[in-house]
Amino acid sequence: MKIKVVTRILEANERIAAENRKLFDNAGVYVINLMSAPGAGKTSLLEETIKEINNRLKIAVIEGDIAGTQDAERIGNLGIPVVQINTGGACHLDANIINEVLGEIPLKHIDLLFVENVGNLVCPAEFNIGEDIKVMLLSITEGDDKPLKYPLMFQESSALVLNKIDLLPYTNTDIEKIKRDAFSLNPSLKIFKVSCKTGEGVREWTDWLFSIAKKD
Amino acid sequence: MHEVSIALNVLDIAIDNCRKSGYDRIESIRLKIGRAAGIMPDALVFAFDAVKTDTLAEKATIIIDHAPVGGSCNTCKKNFVSEETYVLCCPECGSNSFRINSGRELEIIDIEVV
Ligand SMILES: Nc1nc2c(ncn2[C@@H]2O[C@H](COP(=O)(O)OP(=O)(O)OP(=O)(O)O)[C@@H](O)[C@H]2O)c(=O)[nH]1
Ligand SMILES: [Mg+2]
Ligand SMILES: [Zn+2]
């Protein structure tokens, strides 16, 4: 006997993502899903962003890592509410994992929630968590072939932060090629060039955050 | 890369449908997987075989129907279909400014139960 099912396998994830989204909207919180390869500088960008914004927006952070609490400790040191999730091997965060920790985030008292996804250029882009936008980081040392090799993440993101531009003199990375290829995959992508080491470009990024993150 | 979590979702949905229809064993599960879904079929079958033990789906096999990638080009304005996992440029004109409209499907089509 054959039973017709015709169900999207990730339907459960989409349903919980929609629930999360409702909680965020009700609390007036703007949510950014931050994605990149391991070590591109997600936590560093959060540190610089939190310092630059200096309480003008109330920020909280969810840190997703396969193991360890180092990233949450770095954010906690800046006096920001932070929850560390350890996925225990899973290569991405999903809507359910986020749903389970939302009770620990003071949603009513914040404006902006960053979710630092697990370092990985492939899987995180496939699982919505209820975010308003996805933002990806690419560091200069990863090379200029990445947009065409990992198109999905560039297509799904609203903004691309090119980090570690202080290292440009030491690489043969062609930043114009990255911009060209990224734009052709996603014509509406916002692109920022920053260095979390020197602070260059961080201001343009935070100005943009201000312009989008005020929901109420 | 996340074939185990996909396999667990497949198992949950299949068992749920089997129970709801009043049957107690699943013989096969037919999936539709787009070429651009980011799923390796072999890895998914391997993961499924690992998670199905001691469930209604213990003896179930996975049947995969592949769906091609469909897109439309921003440059030559044509629609195209491709069996490639990664479409990096328009197969018609070579432009890399295009939209993918299908090919990321990840669905359970039907299950065979007894
Ligand atoms: N030169 C330079 N180094 C940087 C910059 N941003 C980050 N780094 C360094 O890059 C390394 C990785 O930075 P993290 O911020 O931990 O990267 P991440 O993306 O959070 O890493 P995971 O969470 O492990 O995926 C650290 O040693 C940082 O000091 C930058 O703009 N320039
Ligand atoms: Mg980090
Ligand atoms: Zn074309």
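Considering only residues that are within 12 Å of chain A (Cβ to nearest Cβ) and open to solvent by 20 Å² or more (accessible area, probe 1.4 Å), which ones fall in region B:66-83? Show your work before the answer.
Filtering region B:66-83 for residues within 12 Å of chain A (Cβ to nearest Cβ) gives B:69, B:71, B:73-75.
B:ASN74, B:THR75 - these are the residues of region B:66-83 that are within 12 Å of chain A (Cβ to nearest Cβ) and open to solvent by 20 Å² or more (accessible area, probe 1.4 Å).
Which ones in region A:49-81 are open to solvent by 40 Å² or more (accessible area, probe 1.4 Å) and within 13 Å of ligand 2 (Cβ to nearest atom)? I'd like the intermediate steps shown before the answer.
To start, the set of residues in region A:49-81 that are open to solvent by 40 Å² or more (accessible area, probe 1.4 Å) comprises A:51-52, A:54-56, A:58, A:66-67, A:69-70, A:73-74, A:77-79, A:81.
Residues satisfying the conditions are A:ILE66, A:ALA67, A:THR69, A:GLN70, A:GLU73, A:ARG74.
Regarding A:ALA90, is this residue away from ligand 2 (no atom under 14 Å from the Cβ), at negative phi, open to solvent by less than 20 Å² (accessible area, probe 1.4 Å) and within 14 Å of another protein chain (Cβ to nearest Cβ)? Break it down into steps so the answer makes sense when it comes.
Details: away from ligand 2 (no atom under 14 Å from the Cβ): yes; at negative phi: yes; open to solvent by less than 20 Å² (accessible area, probe 1.4 Å): no; within 14 Å of another protein chain (Cβ to nearest Cβ): yes.
No; evaluated as a whole, the condition is false for this residue.
Being at pLDDT 95 or above, farther than 23 Å from A:LEU152 by Cβ and outside any helix (DSSP H, G or I) narrows it down to one residue among B:LEU11, B:LEU31, B:LEU56; which is it?
On the way: B:LEU11 fails: outside any helix (DSSP H, G or I); B:LEU31 fails: farther than 23 Å from A:LEU152 by Cβ.
Testing whether each residue is at pLDDT 95 or above, farther than 23 Å from A:LEU152 by Cβ and outside any helix (DSSP H, G or I) leaves just B:LEU56.
Would a scan of region A:122-133 turn up a residue that is away from ligand 1 (no atom under 15 Å from the Cβ), at positive phi and either within 12 Å of another protein chain (Cβ to nearest Cβ) or within 16 Å of the chain's Cα centre (by Cα) (or both)?
Looking for residues that are away from ligand 1 (no atom under 15 Å from the Cβ), at positive phi and either within 12 Å of another protein chain (Cβ to nearest Cβ) or within 16 Å of the chain's Cα centre (by Cα) (or both), one finds at least one in region A:122-133, hence yes.
Could you check how many residues of region A:128-143 are open to solvent by 20 Å² or more (accessible area, probe 1.4 Å) and among the hydroxyl-bearing types (Ser, Thr, Tyr)?
Summing the residues that are open to solvent by 20 Å² or more (accessible area, probe 1.4 Å) and among the hydroxyl-bearing types (Ser, Thr, Tyr) in region A:128-143 gives 1.
Report, by residue number, each residue of region B:92-108 that is more than 8 Å from every other protein chain (Cβ to nearest Cβ), open to solvent by 40 Å² or more (accessible area, probe 1.4 Å) and under 18 Å from A:PRO147 (Cα atoms).
If the condition is that a residue be more than 8 Å from every other protein chain (Cβ to nearest Cβ), open to solvent by 40 Å² or more (accessible area, probe 1.4 Å) and under 18 Å from A:PRO147 (Cα atoms), then B:GLY94, B:ARG99 are the ones that fit.
Please determine, by comparing only the residues of region A:116-127 that are open to solvent by less than 10 Å² (accessible area, probe 1.4 Å) and not hydrophobic (A, V, I, L, M, F, W, C), which one is nearest to ligand 3 (Cβ to nearest atom).
At the first step, the residues of region A:116-127 found to be open to solvent by less than 10 Å² (accessible area, probe 1.4 Å) are A:116-118, A:123-125, A:127.
Subset that is not hydrophobic (A, V, I, L, M, F, W, C): A:116-117, A:124.
Values: A:GLU116: 37, A:ASN117: 33, A:PRO124: 29 Å.
Here the residue is A:PRO124.
Test A:ALA90 against the criterion of being under 30 Å from A:ASP145 (Cβ atoms) and within 13 Å of ligand 1 (Cβ to nearest atom), and give yes or no.
Values: under 30 Å from A:ASP145 (Cβ atoms): yes; within 13 Å of ligand 1 (Cβ to nearest atom): no.
No.
Looking only at region A:182-198, how many residues end up being more than 16 Å from ligand 3 (Cβ to nearest atom) and either acidic (Asp, Glu) or within 14 Å of chain B (Cβ to nearest Cβ) (or both)? Walk me through how you get there before you give the answer.
Step one: of region A:182-198, the residues more than 16 Å from ligand 3 (Cβ to nearest atom) are A:182-183, A:186, A:188-198.
Still in the list and also either acidic (Asp, Glu) or within 14 Å of chain B (Cβ to nearest Cβ) (or both): A:182-183, A:186, A:188-189.
Adding up the residues that qualify gives 5.
Of a type in the set (S, T, N, Q) and assigned to a strand (DSSP E or B): is that true of B:SER95 in this structure? Before the answer, list the steps.
Numbers: of a type in the set (S, T, N, Q): yes; assigned to a strand (DSSP E or B): no.
In short, no.
Can you find a residue in region B:39-49 that is open to solvent by less than 30 Å² (accessible area, probe 1.4 Å), touching a residue at least 24 places away in the same chain (Cβ under 8 Å), within 12 Å of chain A (Cβ to nearest Cβ) and touching a His at 6+ places or on another chain (Cβ under 7 Å)? Spell out the reasoning first.
Step one: of region B:39-49, the residues open to solvent by less than 30 Å² (accessible area, probe 1.4 Å) are B:39, B:44, B:47-48.
After this cut, where a residue has to be touching a residue at least 24 places away in the same chain (Cβ under 8 Å) as well, the list is B:39, B:44, B:47-48.
Subsequent filtering for residues that are within 12 Å of chain A (Cβ to nearest Cβ) retains B:39, B:44, B:48.
Narrowing further to those that are touching a His at 6+ places or on another chain (Cβ under 7 Å): none.
No, there is no match, as no residue in region B:39-49 is open to solvent by less than 30 Å² (accessible area, probe 1.4 Å), touching a residue at least 24 places away in the same chain (Cβ under 8 Å), within 12 Å of chain A (Cβ to nearest Cβ) and touching a His at 6+ places or on another chain (Cβ under 7 Å).
So is A:LEU152 part of a helix (DSSP H, G or I) and aliphatic (A, V, I, L, M) or not? Give the derivation first.
On the way: part of a helix (DSSP H, G or I): yes; aliphatic (A, V, I, L, M): yes.
Considered against the rule, which asks whether it is part of a helix (DSSP H, G or I) and aliphatic (A, V, I, L, M), A:LEU152 comes out as yes.
Considering only residues that are part of a helix (DSSP H, G or I) and of a type in the set (Lys, Arg), look in region B:14-28 and name the one that is nearest to the other protein chains (Cβ to nearest Cβ). Full working, then the answer.
Just the residues of region B:14-28 that are part of a helix (DSSP H, G or I), to begin with: B:14-20.
Now narrow it down to the ones that are of a type in the set (Lys, Arg): B:19-20.
Working: B:ARG19: 11, B:LYS20: 9 Å.
Looking at residues that are part of a helix (DSSP H, G or I) and of a type in the set (Lys, Arg), I get B:LYS20.
Look at A:ASN13 and say whether it is touching a helix residue (DSSP H, G or I) at 6+ places or on another chain (Cβ under 6 Å), in a helix (DSSP H, G or I), open to solvent by 10 Å² or more (accessible area, probe 1.4 Å) and over 22 Å from A:GLU200 (Cα atoms).
Values: touching a helix residue (DSSP H, G or I) at 6+ places or on another chain (Cβ under 6 Å): yes; in a helix (DSSP H, G or I): yes; open to solvent by 10 Å² or more (accessible area, probe 1.4 Å): yes; over 22 Å from A:GLU200 (Cα atoms): yes.
Judged against the criteria, A:ASN13 is a match.
The values are calculated or read from the model by the stated rules, or taken from the named source; none is laboratory data. These numbers were taken from a predicted model, which means no experiment stands behind them. Positions of Cβ are backbone-derived with ideal geometry, glycine not excepted, and every protein chain shown enters the neighbour counts. Surface accessibility is based on the protein's heavy atoms, side chains included, excluding ligands, DNA and RNA. Shrake-Rupley method; radii C 1.70, N 1.55, O 1.52, S 1.80 Å.
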